[in-house]
Amino acid sequence: MTTHKINRGVENEIEFKGLKGRYVYISAVGIGGSLFGGIFLTIIGVPNILSSTFAGVGAIGTTIYAFRQNKQNGRWGKDKKIAQGMYPKSIKRQTFFFDKLIK
């Protein structure tokens, strides 16, 4: 049986085969969900070839999705993009008509 090293430092998130942080969990949940979905389809009577295909495509699809999101969004994921969207676009100083009359 092969063993895989999971790297984790003191202040770092989990990393496995290039996936970092939440993307490891997304991939694991997707693979587990697709396998349980394939088992469920087999139990309800769907032919084995279709349920196996469903499980395989689901597992591969979620893994590819996790790797793409990891590459695109990096360590902080979409949280950083959401936070950047909250920054103001510009800062305007309001001046009133009466302030100009007093000066």
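Here, each number is a calculation from the coordinates, and none is a lab measurement. Since we're looking at a predicted model, the values are computed, not measured. Here Cβ is always computed from backbone atoms with ideal geometry, including for glycine, and neighbour counts include all displayed protein chains.
Numbers at a glance
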quantity	calculated
At q = 0.14, 0.30 Å⁻¹, base-10 log of I(q)/I(0) for the stretch 20-76 (Debye sum, equal scatterers on each alpha carbon)	-0.41, -1.05
Ranked by how many other beta carbons lie within 10 Å on average, peptides 39-46, 22-29, 80-87, 63-70 from highest	22-29, 63-70, 39-46, 80-87
Rounded FRET efficiency, nearest 0.05, which uses the C-beta distance separating Ile82 from Val57 and R0 of 35 Å	0.70
